[in-house]
Amino acid sequence: MKNNQLKIVLIGGPGTGKTSVLNALKASGYFCLEEVSRAVTLQAQKDGIDQLFLTEPLLFSKKLLEGRENQFLEAQNSSENLVFFDRGIPDVKAYLDYFKTDYPSYFTDKCLEYTYDLIFHFAPWKDIHTTDNERYESFEESIKIDKFLKEAYTALNYKLINVPFGSIKDRTDFIINSLSCE
């Protein structure tokens, strides 16, 4: 583990361009950890549960928390100076709050135990929002979820850096250029 490692999270509602930018960062040679929820959703579908989050939100969230914790530890144990995450541990809590799901205190405890250095926020953007087999939320739901995400991170004293709308390249360049200011 490097003491000067920057752990950087991309947050925002569904369909805001986080994964596209993460893929561009990855193609540029950066160490990137992908969104865990797609893998959890696909595994549940293989097990015969169409939408695990809607059916058993707490079980889905436990699996997400475990996956994101494992990602954090993987990053921490790497020799990389910069690590990008497609969503962070506080996202789990934000989604539980959005769906008004009661949850044990360890969800909050994990947010305090595993901390990140920079948070880049992707606002809902109607022009690029789409749904698919794992992303079923409407644009209106994305706006509401985004509000809970911003609240979760700011409640943990994170400063959000807003990524402007633009091409994938422009957004990726914005993030990389912002790093040189840190």
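We did not get these values from a lab; they are worked out from the coordinates using the rules stated. All figures in this text were calculated on a predicted structure; none of them were measured in a lab. No Cβ is skipped: glycine too gets one built from the backbone with ideal geometry, and neighbour counts run over all protein chains shown.
Net charge near residue 10: determine it from the other residues with C-beta under 14 Å of the C-beta of residue 10, scoring Lys and Arg +1 and Asp and Glu -1.
Here the charged neighbours net out to +1.
Quick one: which of 61-68, 37-44, 155-162, 91-98 comes out on top by average Cβ neighbours within 10 Å, and what's the full order, highest first?
Working: 61-68: 20.5, 37-44: 17.6, 155-162: 13.9, 91-98: 22.9.
So the order, starting with the most tightly packed, is 91-98, 61-68, 37-44, 155-162.
What percentage of all Cα-Cα pairs in the chain are separated by more than 19 Å?
57
What's the magnitude of the charge dipole for the chain around its Cα centre, counting Lys and Arg as +1 and Asp and Glu as -1 at the beta-carbon? Answer in Debye, nearest 20.
With Lys and Arg at +1 and Asp and Glu at -1, about 260 debye.
Can you tell me how much longer the chain between residue 76 and residue 180 gets when fully stretched, taken as 0.36 nm per residue apart minus their C-alpha distance, in nm with one decimal?
35.3 nm
Would you grab the residues whose amide H sits under 5 Å from the one on residue 123? Only those 5+ places off in sequence or on another chain, please, with H modelled 1.01 Å from N.
163
Could you compute the FRET efficiency for residue 162 and residue 47, with r as their C-beta to C-beta distance and R0 at 30 Å, rounded to 0.05?
Efficiency at R0 = 30 Å is approximately 0.20.
Pull up the cross-link candidates among the lysines for residue 26, meaning alpha carbon to alpha carbon under 16 Å and not fewer than 8 places away within one chain.
Partners found: 7, 18, 169.
When the chain is fully extended, how far beyond the present Cα-Cα distance does residue 59 get from residue 106, taking 0.36 nm per residue of separation?
Here the answer is 15.5 nm.
Per-residue counts of other Cβ atoms within 10 Å, averaged by peptide: what ranking do you get for 142-148, 81-87, 109-115, highest first?
81-87, 142-148, 109-115
Relative contact order for the chain using alpha-carbon pairs under 8 Å, separation at least 6, rounded to a whole percent?
Normalised by residue count, the contact order of the chain is 35 percent.
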